[in-house]
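A short worksheet on the structure shown next.
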Amino acid sequence: MTEQNSSIPHKKPSLPSKNEGLLSYFSTLYDICQEENITLELLSNNWVVRLEKNGQVHYIVGYKFDLNPYAAGKIADDKVATYAVLSQANIPVVEHTIIYEFHNQEAYAIGHNSLGYAKHYLDSHNSHIVVKPTYGTGGAKNYQVKNPRQLVTALSEIFYSHPTACLSPFYKILHEYRVILLDGAERLSYMKTLPDQLAWKFNLQQGAIAEPIPAHLRKSIIELAKRAVREMRLRFCSIDVIETTDHELLVLEINSGVMTNTYIQQHPEEYDKVKNIYRDAVKLMFG
């Protein structure tokens, strides 16, 4: 029996059957590990991936690879913290301000834990803001707010399942762009367009279409993404950049987990390219 056959399971581990995106993602990881002589096990209800090769063990949690420093990953997951870090470094970034649940009376929350504070923010931003969870992806529970009634509803929805929310000015957006970087190199980038003119969330899961970035913008968008990632000290991540109607480019958010499921559904011809991104990330974990 060869070394390769002895170190890799003969059968695929039990994969999630109800989530096609996760199934495709984990199947891709499994194929990579077969090809790279890495043992793969799924733990914790298929959410933790344990990889082992030559006595080395590494983990992937969901879509987060253990390439990123812990603190950097935590900052990227927090929209308010990301804004604080990037704005301090004079990197153009969408403003996000925290608001705590109203019953939170801890010292750190005082002044940012009342409906009055939220109403003042709304008034000071031309009565048009966005309210969203501090942590979260995919545009879930993101609300446009134009009056106090909508503000109360949005905060109630978010606070039902999150201890904090964040307030952001409403930006008139032409397009949103995504850039995936691995060790500072651009590996995949695309523009998100909205097929429905009434829509405002540029999320592929909610109907946005992935298209090539126009040539005249590509360099500027990728350079902005690289600046942000250098400041954050991240190795593997995706960066969302918006272009406003004034043609200003701003970092919207940074994702420490790299998800490509919907992109591949739209562009199956890009599967090998995406697979090689994950392959290189796995190989970098093993040095």
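Can you name the residue in segment 243-265 that is of a type in the set (S, T, N, Q) and in a loop (DSSP other than H, G, I, E, B) and, of all such residues, is farthest from ILE60 (Cα to Cα)?
It comes out as THR245.
I'd like the residue in segment 60-108 that is part of a helix (DSSP H, G or I) and among the charged types (D, E, K, R) and, out of all such residues, is surrounded by the most Cβ atoms within 10 Å (Cβ to Cβ).
Within segment 60-108, the match that is surrounded by the most Cβ atoms within 10 Å (Cβ to Cβ) is LYS79.
When you scan segment 266-282, do you find a residue that is within 21 Å of GLY136 (Cα to Cα) and not in a loop (DSSP other than H, G, I, E, B), even just one?
No; the residues of segment 266-282 include none that is within 21 Å of GLY136 (Cα to Cα) and not in a loop (DSSP other than H, G, I, E, B).
Yes/no per residue for (1) in contact with a helix residue (DSSP H, G or I) (Cβ under 9 Å, 6 or more places away or on another chain); (2) surrounded by 15 or more Cβ atoms within 10 Å (Cβ to Cβ); (3) not acidic (Asp, Glu):
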residue: ALA118; (1), (2), (3): yes, yes, yes
residue: LEU122; (1), (2), (3): yes, yes, yes
residue: ASN126; (1), (2), (3): no, no, yes
residue: ASN147; (1), (2), (3): yes, no, yes
residue: VAL152; (1), (2), (3): yes, no, yes
residue: LEU167; (1), (2), (3): yes, yes, yes
residue: HIS175; (1), (2), (3): yes, yes, yes
residue: PRO195; (1), (2), (3): no, no, yes
residue: GLU223; (1), (2), (3): no, no, no
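Could you list, in sequence order, the residues of segment 49-59 that are open to solvent by 30 Å² or more (accessible area, probe 1.4 Å), without any contact (Cβ under 8 Å) to a residue 60 or more places away in the chain and at negative phi?
Across segment 49-59, the qualifying residues are ARG50, GLU52, VAL57, TYR59.
Restricting segment 177-193 to residues that are assigned to a strand (DSSP E or B) and either in contact with a Gly (Cβ under 7 Å, 6 or more places away or on another chain) or of a type in the set (Gly, Ala, Ser) (or both), which is surrounded by the most Cβ atoms within 10 Å (Cβ to Cβ)?
Step by step, filter segment 177-193, then rank; the result is SER189.
Criterion first (closer than 16 Å to VAL130 by Cα and open to solvent by 10 Å² or more (accessible area, probe 1.4 Å)) does TYR160 satisfy it?
In short, no.
Would you check if there is a residue in segment 134-144 being open to solvent by less than 40 Å² (accessible area, probe 1.4 Å) and not in a loop (DSSP other than H, G, I, E, B)?
no
Got at least one residue in segment 154-167 being free of Cβ contacts under 8 Å to residues at least 60 places away in the same chain, more than 28 Å from LEU204 (Cβ to Cβ) and touching a Gly at 6+ places or on another chain (Cβ under 8 Å)?
No; the residues of segment 154-167 include none that is free of Cβ contacts under 8 Å to residues at least 60 places away in the same chain, more than 28 Å from LEU204 (Cβ to Cβ) and touching a Gly at 6+ places or on another chain (Cβ under 8 Å).
Filter segment 265-287 down to the residues that are open to solvent by less than 30 Å² (accessible area, probe 1.4 Å) and farther than 23 Å from ARG233 by Cα and list them by number.
LYS275
The values are calculated or read from the model by the stated rules, or taken from the named source; none is laboratory data. As the structure is a computational prediction, the values presented were derived from the model and not from experiment. So basically every Cβ, Gly included, is an ideal-geometry build from the backbone, and we count neighbours across all protein chains shown. Please note that ligands, DNA and RNA were not included when accessible areas were found on the heavy atoms of the full protein model with its side chains. Shrake-Rupley method; radii C 1.70, N 1.55, O 1.52, S 1.80 Å.
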